[in-house]
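Structure first, commentary second.
The values are calculated or read from the model by the stated rules, or taken from the named source; none is laboratory data. Owing to the predicted nature of the structure, the values given are computational and were not obtained by experimental measurement. Note that each Cβ is placed from the backbone with ideal geometry, even for glycine, and that neighbours are counted across all protein chains shown.
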Amino acid sequence: MKDGELILLLSEKESYLTEVADRMLHTQRGMIDLKKLKKKKFGDKIKTHIGREFLIVKPNVKDILEKKVKRLPQIMMPKDIALILAFTGIASDSLVVDSGTGSGFLAIFLANYIKGGKIVTYEKDKRFIKVAKENIKLCGLSNIKLKQRDVVKGMNERKVDLVTLDMKDAEKVVKHAYKALKPGGWLVVYSPYVEQVIEVANEIKKKNFCEVKTVENIVREWQIEKYTRPKTLGLMHTGFLTFARKVS
């Protein structure tokens with residue numbers, strides 16, 4: 001391993017995303033001399049100064065998104081992104097238009113899934129553009145094109161497989177999404193509140209869409225210890241997803 005390379009250290013109860021470097025990493029199970037990683041490979045183990053072991057693995061995009069990248073606006077959670085993939089069934093060579101980019105979470109997640117395809121993501125806020133560029137570079141993805149533009153004014157892409165909207169005034173972009181989509185292509189709108197869902201649904205009705213539905217995705221984690229029960233705290237409602245498929 002070489003200096004600056006990202007690695008994930010795993011134990012039964014904790015994990016750390018770090019870089020190969022000439023320094024010490026302080027963990028709850030002792031200190032790790034990261035310099036020793038230069039003589040290791042993925043799959044090896046490394047010990048803390050008190051003898052606790054960590055497995056060395058190559059981090060995937062989920063690890064990097066959760067532990068490393070910068071977050072500015074509210075992000076779309078993995079549970080909701082997974083539902084987009086499941087409900088639309090987009091192929092690995094798809095063309096996707098995403099707006100707004102924000103920190104780039106959705107664009108990065110989708111780009112990692114459709115590595116033979118392309119993501120074009122729109123963002124008008126310069127602050128978010130800067131952070132998104134850094135995050136995309138950190139994840140090592142080359143199939144994302146970032147556009148600094150207000151998508152309310154339109155999008156240039158055509159024959160698009162999927163358009164995702166996670167932005168204010170998403171209802172104003174439905175007509176542009178319809179024009180960009182190929183027949184059979186999908187529009188997915190992420191809305192934080194019901195009022196936007198209604199506005200988006202009204203715009204969808206004006207176009208030739210089918211398979212229209214709005215859902216929320218609630219994931220409840222359980223604790224399995226002495227007694228088994230749902231965890232008291234958890235990430236429940238995050239937003240609404242509205243799906244629509246272009247007919248012609």
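Taking K115, is it of a type in the set (K, R) and touching a Ser or Thr at 6+ places or on another chain (Cβ under 7 Å)?
Yes, satisfied.
Rundown of residues vs (1) without any contact (Cβ under 8 Å) to a residue 40 or more places away in the chain; (2) surrounded by 10 or more Cβ atoms within 10 Å (Cβ to Cβ); (3) in contact with a Cys (Cβ under 8 Å, 6 or more places away or on another chain), yes/no style:
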site: E211; (1), (2), (3): yes, yes, no
site: T214; (1), (2), (3): yes, yes, no
site: Q223; (1), (2), (3): yes, yes, no
site: T228; (1), (2), (3): yes, no, no
site: G239; (1), (2), (3): no, yes, no
site: T242; (1), (2), (3): no, yes, no
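Could you go through the range 5-22 and let me know if any residue there is of a type outside the set (K, R), on the phi > 0 side of the Ramachandran plot and not in a strand (DSSP E or B).
no
May I ask you to list the residues in the range 181-209 that are touching a residue at least 60 places away in the same chain (Cβ under 8 Å) and farther than 21 Å from S94 by Cβ? Break it down into steps so the answer makes sense when it comes.
Of the residues in the range 181-209, the ones touching a residue at least 60 places away in the same chain (Cβ under 8 Å) are 181-186, 188, 190, 192.
Passing the criteria: only P192.
Against the conditions (1) in contact with a Leu (Cβ under 8 Å, 6 or more places away or on another chain); (2) closer than 30 Å to G185 by Cα; (3) surrounded by fewer than 16 Cβ atoms within 10 Å (Cβ to Cβ), where does A21 fall short? Just the number, please.
Here A21 clears every test but (2).
Answer with yes or no whether K159 is in contact with a strand residue (DSSP E or B) (Cβ under 7 Å, 6 or more places away or on another chain) and either among the hydrophobic types (A, V, I, L, M, F, W, C) or modelled with pLDDT of 95 or more (or both).
Taking the combined requirement at face value, the residue satisfies it.
Go through (1) at pLDDT 95 or above; (2) under 15 Å from the mean Cα position of the chain (by Cα); (3) of a type outside the set (K, R); (4) within 24 Å of G239 (Cβ to Cβ) and name the single condition L72 misses.
(1)
Considering each of L8, L72, L95 in turn, give the residue that is among the aliphatic types (A, V, I, L, M) and surrounded by fewer than 19 Cβ atoms within 10 Å (Cβ to Cβ).
L72
Here are the criteria: (1) under 15 Å from L8 (Cα atoms); (2) surrounded by 14 or more Cβ atoms within 10 Å (Cβ to Cβ). Tell me which single one K45 does not satisfy.
Condition not satisfied by K45: (2).
I need every pair where a residue in the range 23-50 that is touching a residue at least 40 places away in the same chain (Cβ under 8 Å) has its Cβ under 9 Å from the Cβ of a residue that is surrounded by 13 or more Cβ atoms within 10 Å (Cβ to Cβ) and in a strand (DSSP E or B), sequence separation at least 6 or different chains.
K41/I56
Show me the strands (runs of 3 or more DSSP E) found entirely inside the range 98-209 where at least 3 residues are crowded, with 22+ Cβ neighbours inside 10 Å and either in the same structural domain as A86 (by TED's automatic domain parsing) or out of contact with any Lys or Arg (no Cβ under 9 Å at 6 or more places or on another chain) (or both).
118-123, 160-165, 181-191
What tally of residues in the range 23-50 results from selecting those that are at positive phi and assigned to a loop (DSSP other than H, G, I, E, B)? Can you show your working first?
Quick first cut of the range 23-50, residues at positive phi only: 30, 43.
This time we only want the ones that are assigned to a loop (DSSP other than H, G, I, E, B), so: 43.
Residues in the range 23-50 being at positive phi and assigned to a loop (DSSP other than H, G, I, E, B): 1 in total.
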